[in-house]
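Written below as structure tokens is the structure these notes are about.
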Amino acid sequence: MSKDPIFSLDEALSRVDHDRETFDMMVELFIEHGPKDLAEAKAALGVQDAAGLARSSHRLKGAILQFCAPAALHACKTLEDTAKAGNLLHAEALCTSLELELLRLLNALRHERDTGLAA
């Protein structure tokens with residue numbers, strides 16, 4: 001786990017023209033759908049479905065990109081690339097790493113959402 005910022009609020013806001021309402025909506029959608037995408041990836045991994053794992057990872061990567069979260073993005077991209085190559089030997093460890101980074105990102109986004117509402 002990195003000590004770098006989990007995500008860049010400034011960069012994420014710049015992607016939505018600094019519209020806090022849009023950003024908050026994106027956060028809510030990600031909080032709802034990010035864990036579902038991870039669950040789909042884990043299910044695909046459970047049945048050794050490399051193509052399904054690649055699809056789920058790719059979808060999750062697109063969502064993570066919106067928040068400028070380098071560690072989560074790297075974990076997701078590495079898992080996606082591994083799945084696309086059909087090499088699932090280390091995919092379980094990569095999926096665990098992604099799960100940890102996704103949890104860090106979700107917690108940071110929840111914190112930002114909750115403190116942003118108070119501002």
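Rolling a 1.4 angstrom probe over the protein heavy atoms, how many square angstrom per residue are accessible across the range 1-86?
Using a 1.4 Å probe on heavy atoms only, each residue of the range 1-86 averages 56 Å².
Only Cα pairs under 8 Å and at least 6 apart count here; give the relative contact order of the chain as a rounded whole percent.
30
Quick check: at a probe of 1.4 Å, how many percent of the accessible area of the chain sits on carbon and sulfur atoms?
Reported share for carbon and sulfur atoms: 57 percent.
Report, in degrees rounded to the nearest 10, the 0 to 90 angle that the Cα long axis of helix 20-46 makes with the longest principal axis of the chain.
Once rounded, one gets 10 degrees.
With θ set to phi - 60° and the Karplus curve 6.51 cos²θ - 1.76 cosθ + 1.60, what are the ³J(HN,Hα) couplings of the range 68-78 in order, to the nearest whole Hz, using x for Gly and Pro?
Whole-Hz 3J(HN,Hα) from phi for the range 68-78: 6, 10, x, 5, 5, 4, 4, 4, 5, 5, 4.
In nanometres, what is the gap between the two model label sites at MET25 and ARG110, each 7 Å from Cα along Cα-to-Cβ?
2.4
The values are calculated or read from the model by the stated rules, or taken from the named source; none is laboratory data. Quick caveat, the model's predicted, so the values are computed rather than measured. Glycine also receives a Cβ, built like all others from the backbone with ideal geometry; neighbour counts cover every protein chain displayed. Protein only, heavy atoms only, side chains kept; ligands, DNA and RNA dropped before computing areas. Shrake-Rupley method; radii C 1.70, N 1.55, O 1.52, S 1.80 Å.
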